[in-house]
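No value in this document is a laboratory result; all are computed from the given coordinates. Please read these numbers as outputs of a predicted model, since none were measured by experiment. Neighbour counts are summed over all protein chains in view; Cβ atoms, including those assigned to glycine, are modelled from backbone coordinates with ideal geometry.
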Amino acid sequence: MNILIRADANTQIGSGHLMRCLALAQGLKRAGHETVFLTATEDSGLLKRLENEGFGIYLLDKALELREDARQTKRMTEHFGCNWVVTDGYNFTEEYQRLVMDFPRRILEPLQGQIRLLCIDDIAKTHFVADIVLNQNTSVSKDVYSCESHTKLLLGPKYALIRQEFLRAKAGFTRRFPQKANNILVTFGGEDSRNMTLKVLRAIDTLDDPEMAIKVVVGELNPHIEALRSFITKSQLNFEILTNVGSEMPELMKWADLTITVVGSTLWELCLLKVPTIAGIVTDNQKNVASALSDIGAVRNVGWLVERSVEELADDIDHCIQDSALRKSMSDSMAQVVDGKGVERVVSFMEG
């Protein structure tokens with residue numbers, strides 16, 4: 001099969017959409033299929049990552065209106081003789097899907113070699129005419145979706161798209177739970193427009209514990225890097241800011257005794273490596289995921305980060321640092337959420 005993936009990364013949506021599409025592309029490549037990316041991202045680090053993985057990259061103007069975006073996408077699929085288009089983002093509406101798929105003409109006049117469409121989704125806010133809709137979030141129900149009768153819904157973390165480097169990192173790894181968590185990982189994805197990272201760093205700083213090592217992963221799209229650097233230079237604690245970590249992220253997760261993050265794609269990677277995790281919410285579509293994982297004891301849900309005080313966050317963090325039994329319980333629950341075979345399952349459906 002030939003597959004075109006249409007996904008972006010920017011300061012509004014972060015890098016998670018593009019990174020989970022990379023996971024799918026890796027799986028398609030392992031299965032012998034050809035994949036190219038069509039993207040409007042300007043993040044040089046992310047583009048270099050795709051290039052290093054051996055995928056073709058074609059750039060779109062980020063200012064394109066929806067119809068022209070769909071037309072250019074369709075032209076690219078025809079140029080490469082693609083069997084599938086994969087979209088991941090919030091802007092791929094019903095109209096966009098119809099334009100790319102030539103729907104309903106393809107139903108009324110079935111043609112050999114017609115384009116099939118897979119939409120990776122988180123919010124169920126449009127009607128879907130795609131062949132497959134994938135929502136990897138926990139607690140999602142088919143009842144929230146409006147779609148055509150032919151549309152196949154792949155729902156839940158069993159379809160979580162995990163990159164190959166995380167699967168390799170899991171092999172043979174045994175997590176340990178020290179009495180006190182001293183290795184702290186802070187990661188808020190590719191953008192963090194509200195700078196919740198700084199609030200978390202302030203909370204950790206109030207604990208005033210020189211034994212802790214705190215590694216802070218900051219995406220290239222984050223507009224607050226200099227403010228974060230300025231803060232840690234004034235702190236007495238062992239903070240370290242890391243950028244462009246790329247394939248090093250699995251080793252950082254294995255190193256961490258505790259991770260503080262926001263609800264998003266990173267949670268499934270953390271679940272795979274069973275990293276005890278404090279998770280916060282910054283958008284509405286994250287609430288159900290946070291609640292569902294909290295209900296089974298897989299994460300500590302601290303709710304809306306913008307509403308939490310530094311002192312409240314510090315109490316939550318310190319509680320998890322000091323309680324090894326809690327961290328082990330969280331880790332054990334996380335192991336039941338993601339098994340790492342999501343990409344294989346999705347590729348199988350596309351092949352079928």
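Brief remarks on what is shown
- Quotient of C-alpha Rg and 2.2 N^0.38 Å, computed over region 112-240: 1.50
- Ratio Rg/Rh [Cα only; Rh per Kirkwood] for region 192-246: 0.95
- Computed on the Cα trace of region 2-155, the radius of gyration divided by the Kirkwood hydrodynamic radius gives Rg/Rh = 0.94.
- Per-residue Cβ neighbour counts within 10 Å put CYS147, CYS320 in the sequence CYS147, CYS320, beginning with the fewest.
- Most simply put, region 165-334 has about 0% antiparallel DSSP beta bridges, counting only bridges with both residues inside it.
- Net length gained if the chain between GLU307 and ASN52 were fully extended (0.36 nm per residue, minus Cα distance): 87.8 nm
- Local net charge near THR187, Cβ-Cβ under 11 Å (Lys/Arg +1, Asp/Glu -1): -1
- Neighbours of PRO250, meaning other residues whose beta-carbon lies under 9 angstrom from its beta-carbon, give a summed charge of 0 when Lys and Arg score +1 and Asp and Glu score -1.
- Least to most buried among ASP318, ASP257 (fewest other Cβ within 10 Å first): ASP318, ASP257
- Extents of region 165-334, largest first, come to 38, 32, 30 Å (Cα atoms, principal axes, whole angstrom).
- Counting only DSSP beta bridges with both residues in region 2-155, the antiparallel share comes to about 5 percent.
- For GLU65 and THR11, a Förster radius of 25 Å and the Cβ-Cβ distance give a FRET efficiency of 0.80, rounded to the nearest 0.05.
- In the chain, helices alone account for a calculated mean residue ellipticity at 222 nm of -11500 deg cm²/dmol, with every DSSP H run of four or more residues adding -39,500 (n - 2.57).
- By the Kirkwood approach, averaging reciprocal distances over each pair of separate Cα atoms, the chain gets a hydrodynamic radius of 21.0 Å.
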